[in-house]
Each structure stands twice: as structure tokens, then as C-alpha cells.
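Read the structure below first, then the notes.
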Amino acid sequence: MLTTSDFVSAISLIPHVGSQTGESLAGNLLKMDAAGRANGPKYECLLFDMDDTLYPLSLGLNVACRKNIEEFMLHQLHIEESEVPRMCLELYREHGTTMAGLKALGYEFDNDEFHAFVHGRLPYETLKPDPVLRNILLSVPQRKIIFTNADMAHAAEVLKRMGFEDCFEGVICFETLNPPLEIANNMDALDNDAMIAGGEPAPGDFDGATENDLDNGISSKSRILCKPSLEAIEAAIQIANVDPRKTIFFDDSARNIASGKAAGLHTVIVGSPVLVPGADHALRSIHNIKEAIPEIWEDEGEVMEQVIQSTAVETMILA
């Protein structure tokens, strides 16, 4: 189980690089010069989805994950077997993830146990190191952050298997947007600007509950914040402290792309040869990024002055 100390340690974990201390790196992560943002390079950050974006859908992890979710619904929640496949898909479509839908319906289960059941039995051996994509990522001069609906353990396993541990500045994951209640209460007592840069959020901004949810009897305590909700994407933007106008968002989901565009991000649909609503670019494979968006590398000199290079830096889990 994730404890309060685990949470604080994880979000504070920024290793030393050269002569810079963890404290100075944290300051660079969470605070950037306003003038530099206004007049700097065209792009300052690349925000990447992980599953089926950094590796292809054809590897089969998506199918295996859905199978595990259905088994959890059947054996752990004792939902009628004939209802499970339909229910699994409908909840995913309506709530962003099946897990979020189950919570919204009032099913009670431990989040960590769900993730261990669903992700802990995935065929991770199908994921292999990808040196080509690794070199591309390391050549990108901008900040690079993972933004996934998955839990931190799954994110860490995927990045390790693919050889991407040092390719990203941080990971925004399930625990980032949905901290345990004890931790969430403790965070309320902290200075919000120290945790989420870009302005102090109004009360309730990140509880994830909308008026429609409340009308339907879904409380902020049961609702899970996740893509494709606009609230989740806006929260990620604030947590990462990025200017959406200077941030490119890569995702394999058309509805996530639509929400990303609504949040003001530049958007790239991955795994599709054609544009979807809200997408600025379409990549059949993430490996095509350099050919499709060469301007990422055009302002390399300006970007290098404003960001901390991720080379040889262990990825930080923002959770």
C-alpha cells in the first residue's frame, strides 16, 4: 500500500545531475521564468501517453489487460459472467476506464489490488528494448513527461523493459491524479504552489466531480480522475507546469486527443495514418516523429538553455 511518506518521497525524488542538487532541479521542474515562456522556443515540452503509444497495439498488452479486467469483475466483484464483456466496454466508453466506471457504480475495492491483478499478470516479456526510439527521445531537446492512466508500478515496468528509464523527466500516473484519501487530505495542508505550479487551484478543482456526476449521485470520493476527462488533462498540465500552447501531446486515443486539443495542447494521434478530430498530426508509428514534426529540433539551442537534459537521469514518478 502507498503511504503518505511514499507519496512525498516519490514526488520529491529528483536525482543529482552534475553540480545541481535535487532541490535546484525540483525548482526547475516546478517553476519556470514567465518571460522565457513568452518569448522562448515554439515547443517547451512533449507529453507522451505510454501504452499503445510508445509501443504498438499489436504487442497484445491491451487485449491481455482487458482480459484481466474482466476476470477481476467476474471473480473479485462477482458480476454476472454474461454481463461482464458488455459492462467492461460500456464503462470504459462512458468513464474513461472500466475501473473508473466500476467505482462510479459503487463497487468497492482497493485500487492497488485492482492494479496488481490487472497489470501484475501482463505478458511484459513481449516488451523489448527499443534503441531506435530511445535515441530519438534522448535527442529531443524539450522536456519529456509521461502522462498515463496506469499505475506507477506498471509505468515503471514498461519504461524499464523498453530501456526508457532515463528518457523522461517524470511520470504523471494514476496515483498522481488519484492519491489515497489520507495523502490527499495531507496535501490540502501543504502550499499548493509547491506541489502544483501555475497558480493555486480553487477548492474542489481536482476532486474530479462535475455537476453531471453529482446529479447522477457520483461523489467526488468515488470518481476517478483520468483521461479523457478535460479535468484530468488540465490537472496534468498544472502538475507538469507546462504552457499548453508550447506543449505537444502524443496519444493513441482519439478521445484523449480531442480533450487535449480542448485543453489547448498541440496534439498528435499515434498509431493512425489519418487525422482524427482535434489532432494536428497523425503518426502511424511513434518512430516517425522526426520526419513528421521536424520543428521539434529546430529551436534546440533555445530549448537547451531552459530545460534540464534527461540524459542519465532516472525517471521521476510524479505520484
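Surrounded by 17 or more Cβ atoms within 10 Å (Cβ to Cβ), within 14 Å of ILE224 (Cα to Cα), out of contact with any Cys (no Cβ under 7 Å at 6 or more places or on another chain) and touching a residue at least 12 places away in the same chain (Cβ under 8 Å), is that true of PHE72?
It is false that PHE72 is surrounded by 17 or more Cβ atoms within 10 Å (Cβ to Cβ), within 14 Å of ILE224 (Cα to Cα), out of contact with any Cys (no Cβ under 7 Å at 6 or more places or on another chain) and touching a residue at least 12 places away in the same chain (Cβ under 8 Å).
Somewhere in region 75-90, is a residue touching a Phe, Trp or Tyr at 6+ places or on another chain (Cβ under 8 Å), surrounded by fewer than 16 Cβ atoms within 10 Å (Cβ to Cβ) and closer than 22 Å to CYS226 by Cα?
Looking through region 75-90, at least one residue is touching a Phe, Trp or Tyr at 6+ places or on another chain (Cβ under 8 Å), surrounded by fewer than 16 Cβ atoms within 10 Å (Cβ to Cβ) and closer than 22 Å to CYS226 by Cα.
Which condition from (1) touching a residue at least 12 places away in the same chain (Cβ under 8 Å); (2) acidic (Asp, Glu); (3) farther than 22 Å from ALA254 by Cβ is the one that ASP51 breaks?
Unmet for ASP51, out of (1) touching a residue at least 12 places away in the same chain (Cβ under 8 Å); (2) acidic (Asp, Glu); (3) farther than 22 Å from ALA254 by Cβ: (3).
I'm trying to understand the selection: among the residues of region 273-289, which are within 16 Å of LEU54 (Cβ to Cβ) and either crowded, with 17+ Cβ neighbours inside 10 Å or touching a helix residue (DSSP H, G or I) at 6+ places or on another chain (Cβ under 8 Å) (or both)?
Passing the criteria: LEU283, ILE286, HIS287, ILE289.
Check whether at least one residue in region 254-264 is open to solvent by 40 Å² or more (accessible area, probe 1.4 Å), at pLDDT 95 or above and more than 19 Å from TYR92 (Cα to Cα), and report yes or no.
yes
Working only within region 44-61, note down all residues that are touching an Asp or Glu at 6+ places or on another chain (Cβ under 8 Å) and either open to solvent by 70 Å² or more (accessible area, probe 1.4 Å) or hydroxyl-bearing (Ser, Thr, Tyr) (or both).
Matches in region 44-61: THR53, TYR55, LEU57.
Among the residues in region 104-126, are any on the phi < 0 side of the Ramachandran plot and in contact with a Gly (Cβ under 8 Å, 6 or more places away or on another chain)?
Checking region 104-126: at least one residue is on the phi < 0 side of the Ramachandran plot and in contact with a Gly (Cβ under 8 Å, 6 or more places away or on another chain).
Mind checking which residues of region 167-189 are open to solvent by 30 Å² or more (accessible area, probe 1.4 Å) and modelled with pLDDT of 95 or more?
GLU169
Can you name the residue in region 108-160 that is open to solvent by less than 20 Å² (accessible area, probe 1.4 Å) and assigned to a loop (DSSP other than H, G, I, E, B) and is also farthest from LEU47 (Cα to Cα) among such residues?
The qualifying residue farthest from LEU47 (Cα to Cα) is LEU122.
The values are calculated or read from the model by the stated rules, or taken from the named source; none is laboratory data. Here the structure is a predicted model, which means the values were calculated and not measured. Heads up, the Cβs are rebuilt from the backbone with ideal geometry, glycines too, and the neighbour counts pull from every protein chain shown. With ligands, DNA and RNA removed, areas are computed over all heavy atoms of the protein, side chains included. Shrake-Rupley method; radii C 1.70, N 1.55, O 1.52, S 1.80 Å.
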